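A.B. asks: Mind looking over this structure? Questions follow.
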Amino acid sequence: MRLILLGAPASGKGTQAAVLTEQLGVPKISTGDMLRAALKDGTPLGKEAATYMNSGKLVPDSVVIGLVEERLKESDAQKGFILDGFPRTVAQADALDALLKRLGVGLDFIVQIDVPRELLMERATLRRTDKRTGQIYHLKYSPPPPDAELEHRADDHEEKVKTRLDAYDAQTAALLPHYEKLGVLRRVDGVGSPKEVTARMLSQIAG
Ligand code: AMP
């Protein structure tokens, strides 16, 4: 299964990718996670990406395209993958098409998770991560236990979330017609519990 998850920041891509990776037995490839790991490790790539990420802007195409090209060549990705957060621009989608063509494989589905903007704002600004376990909580919908050591992602503060949602509207939404033309686009209502959304996704991609 080769799957792309599309959707605005905080639409639930990461949560759904984590569940689907187990259910489908293919790795989750998240450019956001890869960039955050590079930033944490203080690599040159992490340092380059940091200024963009911390202000909610997209990292340059050449950086993320290079990351994904390398990752897709690794052995575990040969049986399939779930792309989370990539592609985000038309240039990235074109680079991915070209890469998959070179590798001689195609995409099975692109699943777009639809969530209204007001809910995306609320989800992102109240999202917290326990830095010991990596578990993600939401202060309203999925409150953390009292002993959690909570972190608030720098780009989950209100102004940064607005910038990220604007980048999504300006650049990533343009990918939908591209994938619609290929006949592999499926749309899923992302409002509801993570379990409900997973069930909707599985019904779209099953069979
Ligand atoms: P995410 O966790 O997917 O919301 O990504 C967090 C941040 O990483 C984004 O706001 C961007 O700064 C950067 N990023 C992740 N994926 C991409 C991508 N495909 N293209 C450009 N920037 C990205």
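The values are calculated or read from the model by the stated rules, or taken from the named source; none is laboratory data. These figures come from a predicted structure and were not determined experimentally. Every residue, glycine as well, gets a Cβ built from its backbone with ideal geometry; the counts of neighbours run over all protein chains shown.
A.B. asks: Need pairs with beta-carbon distance below 8 Å; first residue modelled with pLDDT of 95 or more and within the range 90-118, second assigned to a loop (DSSP other than H, G, I, E, B) and among the aromatic types (Phe, Trp, Tyr); sequence gap 6+ or separate chains.
C.D. replies: Qualifying pairs under 8 Å: GLN92/PHE86; LEU96/PHE86.
A.B. asks: Starting from the range 172-190, keep only residues that are in contact (Cβ under 8 Å) with a residue 12 or more places away in the chain, then list their pairs with residues that are surrounded by 12 or more Cβ atoms within 10 Å (Cβ to Cβ) and among the hydroxyl-bearing types (Ser, Thr, Tyr) whose Cβ atoms are within a distance under 9 Å, requiring at least 6 positions of separation or different chains.
C.D. replies: Between residues of the range 172-190 that are in contact (Cβ under 8 Å) with a residue 12 or more places away in the chain and residues that are surrounded by 12 or more Cβ atoms within 10 Å (Cβ to Cβ) and among the hydroxyl-bearing types (Ser, Thr, Tyr), the close pairs are THR172/THR89; ALA174/THR89; LEU175/THR89; LEU185/TYR179; GLY190/SER11.
A.B. asks: (1) among the charged types (D, E, K, R); (2) more than 13 Å from the ligand (Cβ to nearest atom); (3) touching a residue at least 24 places away in the same chain (Cβ under 8 Å): which one isn't true of LYS13, the others all being true?
C.D. replies: With (1) among the charged types (D, E, K, R); (2) more than 13 Å from the ligand (Cβ to nearest atom); (3) touching a residue at least 24 places away in the same chain (Cβ under 8 Å) applied to LYS13, the lone miss is (2).
A.B. asks: State yes or no: is GLU151 within 16 Å of the ligand (Cβ to nearest atom) and touching an Asp or Glu at 6+ places or on another chain (Cβ under 9 Å)? Give the steps one after another, and end with the answer.
C.D. replies: On the way: within 16 Å of the ligand (Cβ to nearest atom): yes; touching an Asp or Glu at 6+ places or on another chain (Cβ under 9 Å): yes.
In short, yes.
A.B. asks: Of the residues VAL26, VAL64, VAL59, VAL68, which single one is surrounded by 18 or more Cβ atoms within 10 Å (Cβ to Cβ), outside any helix (DSSP H, G or I), within 10 Å of the ligand (Cβ to nearest atom) and aliphatic (A, V, I, L, M)?
C.D. replies: Answer to the check: VAL59.
A.B. asks: Within the bounds of the range 75-84, is there any residue that is within 10 Å of the ligand (Cβ to nearest atom) and at pLDDT 95 or above?
C.D. replies: Step one: list which residues in the range 75-84 are within 10 Å of the ligand (Cβ to nearest atom), which gives 83-84.
From what is left, the residues that are at pLDDT 95 or above are 83-84.
Yes, the range 75-84 contains at least one residue that is within 10 Å of the ligand (Cβ to nearest atom) and at pLDDT 95 or above.
A.B. asks: Pick from the range 29-56 the residues that are β-branched (Val, Ile, Thr) and in a helix (DSSP H, G or I): which of them is surrounded by the fewest Cβ atoms within 10 Å (Cβ to Cβ)?
C.D. replies: Our first condition is that a residue be β-branched (Val, Ile, Thr); within the range 29-56, this holds for 29, 31, 43, 51.
After this cut, where a residue has to be in a helix (DSSP H, G or I) as well, the list is 31, 51.
Numbers: THR31: 22, THR51: 10.
The extreme case among them is THR51.
For every residue, the table says whether it meets (1) in contact with a Phe, Trp or Tyr (Cβ under 8 Å, 6 or more places away or on another chain); (2) of a type outside the set (S, T, N, Q); (3) closer than 25 Å to GLY192 by Cβ; (4) exposed (fewer than 13 other Cβ atoms within 10 Å of the Cβ).
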position: SER75; (1), (2), (3), (4): no, no, no, yes
position: GLY134; (1), (2), (3), (4): no, yes, yes, yes
position: ASP147; (1), (2), (3), (4): no, yes, no, yes
position: LYS162; (1), (2), (3), (4): no, yes, yes, no
